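The values are calculated or read from the model by the stated rules, or taken from the named source; none is laboratory data. If you're wondering where the values come from, they're calculated on a predicted model, not measured in any experiment. In this analysis, Cβ positions are derived from the backbone assuming ideal geometry, glycine residues included, and neighbour counts consider all displayed protein chains. Calculation scope for accessible area: heavy atoms of the full protein, side chains included, ligands and nucleic acids excluded. Shrake-Rupley method; radii C 1.70, N 1.55, O 1.52, S 1.80 Å.
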2 protein chains.
Amino acid sequence: MMGLMATPWNYLRRKLQLKTRVLHTVKGGLTSQVLMSPPLVSLDLPDIWSLSSSRLSVSSVHKIFNEQTAWVLDGKMISMGIRSSIAGEVRRMEECIGKVPGLAVIMVGQRWDSQIYVRNKIKACEEVGIKSCVTELPTDCTEAEVQSALLRFNKDPSIHGILVQLPLPQHLDEGKVLDVLGLEKDVDGFHPLNTGNLAVIGREPLFIPCTPKGCIELLIRSGVEIIGKKAVVIGRSNIVGLPTSFLLQRHHATVTVIHAFTENPEQITSAADIVVSAAGIPNMVRGNWIKPGAIVIDVGTSPVEDPSCEDGYRLVGDVCYEEAVNVASVITPVPGGVGPMTVAMLLSNTLDSAKRMLDFT
Amino acid sequence: MMGLMATPWNYLRRKLQLKTRVLHTVKGGLTSQVLMSPPLVSLDLPDIWSLSSSRLSVSSVHKIFNEQTAWVLDGKMISMGIRSSIAGEVRRMEECIGKVPGLAVIMVGQRWDSQIYVRNKIKACEEVGIKSCVTELPTDCTEAEVQSALLRFNKDPSIHGILVQLPLPQHLDEGKVLDVLGLEKDVDGFHPLNTGNLAVIGREPLFIPCTPKGCIELLIRSGVEIIGKKAVVIGRSNIVGLPTSFLLQRHHATVTVIHAFTENPEQITSAADIVVSAAGIPNMVRGNWIKPGAIVIDVGTSPVEDPSCEDGYRLVGDVCYEEAVNVASVITPVPGGVGPMTVAMLLSNTLDSAKRMLDFT
């Protein structure tokens, strides 16, 4: 009969902390450390069940909640730090081997939001010294034309990362397009093999999707211990919600994914220590959805008409910030929270890809 | 600004039911219908958020719970029905094209439980007319030897399904072995690309892992409507827990995965309408973990010493059956619940694979 081991939890927690600390110490000595999040396989721990009901005496999330307003995580500032480290690494690469990372972007059509996103990515590349190029295709182009652009970049040795700006026009099959993208250049991490390797314990994807990676980096930098925490991910998109849930699970949170068919989402969310919202519905998550002291990461970025703003609109998150800021212990603003982190993670993935392909450490 | 649509839930529910019904009607007219579970892509619905808090008036799970003891799902009997349909299909295939499906099993080492499982699978193949062969390798064989056996079966046109009996001896890297397995013959569905395509909405894996597929088939046959239900999966193994959570989510349940690092698993489980337990800890899930009227699928199968039994042991599930049977509305026994369904799903996957490879409908 399989025995029930006595309270292995603290042992495993210590082991994980040790692993992470060793990793940071080792990497800290090198100039190559850009992110705080450890590789996923280093997180893998055996699931040894202990049946005592209260393994954590006091939630550390609650401990840090002792003021009336939340600590607002400045994603812009954090991402600037990361981008500065990346710029240093790119310089070092150029000095050592005379090469820099290269990113190719394929944009189909003229969506105004896609144009803004692509422009921001290209600008960010320039700032850190990553070479970039954009291929613009007309809205009515064929699948074969997108695939052909992809194949060209797959073969180009000066390109280490390729991204197809989503969403594509409806007549194009996103799956068929992404299947052509070379796995080792898939810096967005949307290829299903990367998704599979992110979901499966014991494996590590070549790339973690940028927004989910940015969310975890924010959580780690906010000092929250993810292991053992109740996490709720609102939204199950293939590019944010699902991979974020896999990542949180790899960090040993207990994850519930909420979607449009969920009954009483507010009740489920209000039990969570960590809430990551990526539904795309402005102000959906009200203050009473949030457990006092919870960590709230708001991925939602929806334009809302506002004549008082210069462009006639402003960006609003999924979370009703004014209410949640008085309940949460940590919160990200919109804009200026997750958004800049997404771009920083794209640069980080492109740098990692170039290092891997050029065998540069 | 993105608008909040008025209660689209009932509309979507009707659409899904209609889709499923049409599918069954279409398939019902053919002899090829073996399972009740629809293809995954037919389940894909847009996530249109409605913010009314109680979209389901009365839970249908509760409606069917009106007696003191649960309805015990007879997995053995249900699987016999499925196996009989598969046998009919294999006969039809042989009559029409003179070929039958072929399954290859690779077994490394002499684990007594693996030997029993492999023997059962081979016997089940024989009964439905599927050709099978087993390659036995010694415990101390190399990764290259397992890979070479796999490559041989990959090339063999009479083989339509290959499975590597897990777990492998510790010195072998499961990932490296499975990577060699031809995707189109991966009837266990363990290749990470199949896992990724199961997790990602809008895609469909070539194969769904057998035990998770068997669990969903049992749920569908028990008449439970999965959409909108709270589901808890206990255990996050790559072969049962994780793919089961993806499948339940594809069926629009709100899924929480519980693992060894989860705090208060009993509290989370007791809120679930559907519980699938795959932790491998005998009797871990007690009666007070179960919400009255919940559906309980017990995947756990652990041998427990029992001198009164012929073999000196008996098989025990994760769920304390004697307690849960008085609380749940539907429950699966161990043995005789999920186990026989797993074998039936392996036969079903092998048949589907042969049909696809031989272009037989």
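For the range A:86-105, the set of residues classified as more than 17 Å from residue A:210 (Cα to Cα) and in a helix (DSSP H, G or I) consists of A:87, A:88, A:89, A:90, A:91, A:92, A:93, A:94, A:95, A:96, A:97, listed by residue number. If the condition is being open to solvent by less than 20 Å² (accessible area, probe 1.4 Å), part of a loop (DSSP other than H, G, I, E, B) and either at negative phi or among the hydrophobic types (A, V, I, L, M, F, W, C) (or both), then the range B:194-228 contributes B:200, B:205, B:207, B:209, B:222, B:224, B:226, B:227. Taking residue B:290 as the residue in question, decide whether it is in contact with a helix residue (DSSP H, G or I) (Cβ under 6 Å, 6 or more places away or on another chain) and closer than 18 Å to residue B:323 by Cα. Here the answer is yes, as residue B:290 does meet what is asked.
The condition (being under 21 Å from residue A:238 (Cα atoms) and either modelled with pLDDT of 95 or more or acidic (Asp, Glu) (or both)) is satisfied by just one residue among A:301, A:269: A:269.
For the range B:264-276, what are the residues that are facing another protein chain (nearest Cβ under 9 Å), in contact with a Ser or Thr (Cβ under 7 Å, 6 or more places away or on another chain) and more than 16 Å from residue A:258 (Cβ to Cβ)? It would help to see each step written out before you state the result.
Here is the first cut: in the range B:264-276, the residues facing another protein chain (nearest Cβ under 9 Å) are B:264-268, B:271.
Cutting the leftovers down to in contact with a Ser or Thr (Cβ under 7 Å, 6 or more places away or on another chain) gives us B:264, B:266, B:268.
Scanning the range B:264-276 gives B:264, B:266.
Listed here are the residues, each with its yes/no results for (1) more than 14 Å from chain B (Cβ to nearest Cβ); (2) modelled with pLDDT under 75; (3) open to solvent by 20 Å² or more (accessible area, probe 1.4 Å); (4) touching a Lys or Arg at 6+ places or on another chain (Cβ under 6 Å).
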| position | (1), (2), (3), (4) |
| --- | --- |
| A:26 | yes, yes, yes, no |
| A:57 | no, yes, yes, no |
| A:75 | yes, no, no, no |
| A:85 | yes, no, yes, no |
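Restricting the search to the range A:127-150, which residues are surrounded by fewer than 18 Cβ atoms within 10 Å (Cβ to Cβ) and either among the charged types (D, E, K, R) or assigned to a loop (DSSP other than H, G, I, E, B) (or both)? Those that are surrounded by fewer than 18 Cβ atoms within 10 Å (Cβ to Cβ) and either among the charged types (D, E, K, R) or assigned to a loop (DSSP other than H, G, I, E, B) (or both): A:127, A:136, A:138, A:139, A:140, A:142, A:143, A:145.
Taking the criterion of being more than 13 Å from chain B (Cβ to nearest Cβ) and surrounded by 18 or more Cβ atoms within 10 Å (Cβ to Cβ), the residues of the range A:277-303 that qualify are A:290, A:291, A:293, A:294, A:295, A:296, A:297, A:298, A:299. Any chance the range B:352-359 includes a residue that's within 15 Å of the chain's Cα centre (by Cα) and surrounded by fewer than 23 Cβ atoms within 10 Å (Cβ to Cβ)? There is no residue in the range B:352-359 that is within 15 Å of the chain's Cα centre (by Cα) and surrounded by fewer than 23 Cβ atoms within 10 Å (Cβ to Cβ). Against the criterion of being under 28 Å from residue B:102 (Cβ atoms) and at pLDDT 95 or above, residue B:179 does not qualify. Remark: pairs (first residue in the range B:341-361, closer than 14 Å to residue B:33 by Cβ; second residue modelled with pLDDT under 95; Cβ separation under 7 Å; 6+ apart in sequence or on different chains) = B:348/B:34; B:348/B:35; B:355/B:361; B:361/B:32. Going residue by residue through the range A:314-337, is there one that turns out to be within 12 Å of chain B (Cβ to nearest Cβ), surrounded by fewer than 19 Cβ atoms within 10 Å (Cβ to Cβ) and more than 21 Å from the chain's Cα centre (by Cα)? Yes, the range A:314-337 contains at least one residue that is within 12 Å of chain B (Cβ to nearest Cβ), surrounded by fewer than 19 Cβ atoms within 10 Å (Cβ to Cβ) and more than 21 Å from the chain's Cα centre (by Cα). Cβ-Cβ contacts under 6 Å between residues 6 or more apart (or on different chains), taken from a first residue in the range B:260-273 that is in a loop (DSSP other than H, G, I, E, B) to a second residue that is polar (S, T, N, Q) and open to solvent by less than 10 Å² (accessible area, probe 1.4 Å), are listed as B:262/A:254. Whether any residue in the range B:59-72 is surrounded by fewer than 16 Cβ atoms within 10 Å (Cβ to Cβ), more than 14 Å from chain A (Cβ to nearest Cβ) and at pLDDT 95 or above is what I want to check. Within the range B:59-72, one or more residues are surrounded by fewer than 16 Cβ atoms within 10 Å (Cβ to Cβ), more than 14 Å from chain A (Cβ to nearest Cβ) and at pLDDT 95 or above. Among the residues of the range B:229-259, those identified as open to solvent by 10 Å² or more (accessible area, probe 1.4 Å), facing another protein chain (nearest Cβ under 7 Å) and out of contact with any helix residue (DSSP H, G or I) (no Cβ under 7 Å at 6 or more places or on another chain) are B:238, B:249. Scan the range B:304-313 for residues that are within 12 Å of another protein chain (Cβ to nearest Cβ) and surrounded by 12 or more Cβ atoms within 10 Å (Cβ to Cβ) and the total you get is 3. Reported count of residues in the range A:245-259, each being of a type outside the set (A, V, I, L, M, F, W, C) and free of Cβ contacts under 8 Å to residues at least 40 places away in the same chain, is 5. Please verify whether the range A:165-184 includes one or more residues that are open to solvent by less than 10 Å² (accessible area, probe 1.4 Å) and under 19 Å from the mean Cα position of the chain (by Cα). Within the range A:165-184, none of the residues are open to solvent by less than 10 Å² (accessible area, probe 1.4 Å) and under 19 Å from the mean Cα position of the chain (by Cα). Whenever a residue of the range B:126-145 is of a type in the set (Asp, Glu), its partners that are in a loop (DSSP other than H, G, I, E, B) and at pLDDT 95 or above, lying with C-beta atoms within less than 8 angstrom and at least six residues away or across chains, give the pairs B:140/B:169; B:140/B:171; B:143/B:172.
Residues in the range A:117-136 that are aliphatic (A, V, I, L, M) and closer than 11 Å to residue A:165 by Cα: 2 in all.
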